[in-house]
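For reference, the structure is listed below as structure tokens.
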Amino acid sequence: MKVFIQTTASCGTKSICGGTIIGPNHVLTAASCFDRKPYTETKIFMKTYTINPMDADAVIRGVANQHIFVHPNYARDSMGTPINDIAILAFRPCLYYYINNDLINKVNLPVVGETNSYLYYSGQAVGWGYISNGR
């Protein structure tokens, strides 16, 4: 399930990125979403289809700065293109209730060492953000 990530800094609140739930208390997202860290507040919105007004049944979790794990080799090349652009956000409380009752879905990642090929399978990419380099 995709999620919406919003941050607050001294300059105000900004809706920055999307992400994917990969576990009961983890979201996978882009490291470039957090170039301007630290933030005073980071929130993850789940079960959200509209933001203004906010869905009544939205599930919201806060993420502390120390629980934003950016890839250790994340950088930008000379053109400004992100390299190793991946991050994991950890939050509490866990989503066990929502996942166990099929109210929120998570992506099932392959097990370490799994060699299944997904070549020729269909997939769908969804989210927010730019659709080309720089735009």
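The values are calculated or read from the model by the stated rules, or taken from the named source; none is laboratory data. Predicted model only: the values in this text are computed from it and were never measured. Here the Cβ positions follow ideal geometry from the backbone for every residue, glycine too, while neighbour counts run over all protein chains shown.
For (1) under 17 Å from Lys14 (Cα atoms); (2) touching a residue at least 60 places away in the same chain (Cβ under 8 Å); (3) of a type outside the set (D, E, K, R), each residue gets a yes or a no:
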site	(1), (2), (3)
Phe45	yes, no, yes
Tyr49	no, no, yes
Pro53	yes, no, yes
Asp57	no, no, no
Ile60	yes, no, yes
Asp77	no, no, no
Asp85	no, no, no
Arg92	no, yes, no
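Considering only the range 33-41, I want to know if a residue exists there that is in a strand (DSSP E or B) and of a type in the set (Lys, Arg). It would help to see each step written out before you state the result.
Of the range 33-41, the ones in a strand (DSSP E or B) are 41.
Among the residues that remain, those that are also of a type in the set (Lys, Arg) are: none.
There is no residue in the range 33-41 that is in a strand (DSSP E or B) and of a type in the set (Lys, Arg).
Quick check: is even one residue across the range 50-68 β-branched (Val, Ile, Thr) and assigned to a loop (DSSP other than H, G, I, E, B)?
Applying the first criterion (β-branched (Val, Ile, Thr)) to the range 50-68 yields 50-51, 59-60, 63, 68.
Right, trim to assigned to a loop (DSSP other than H, G, I, E, B) and you get 50-51.
Yes, the conditions are met somewhere in the range 50-68.
Would you mind stating whether Asp77 is closer than 16 Å to Val3 by Cα and loosely packed, with under 13 Cβ neighbours inside 10 Å? First the steps, then the outcome.
Working: closer than 16 Å to Val3 by Cα: no; loosely packed, with under 13 Cβ neighbours inside 10 Å: yes.
So Asp77 does not fit the description; no.
How about the range 103-135: which of its residues are at pLDDT 75 or above and either under 13 Å from Val3 (Cα atoms) or surrounded by 10 or more Cβ atoms within 10 Å (Cβ to Cβ) (or both)?
Listed by number, the residues that qualify are Leu103, Ile104, Asn105, Lys106, Val107, Leu109.
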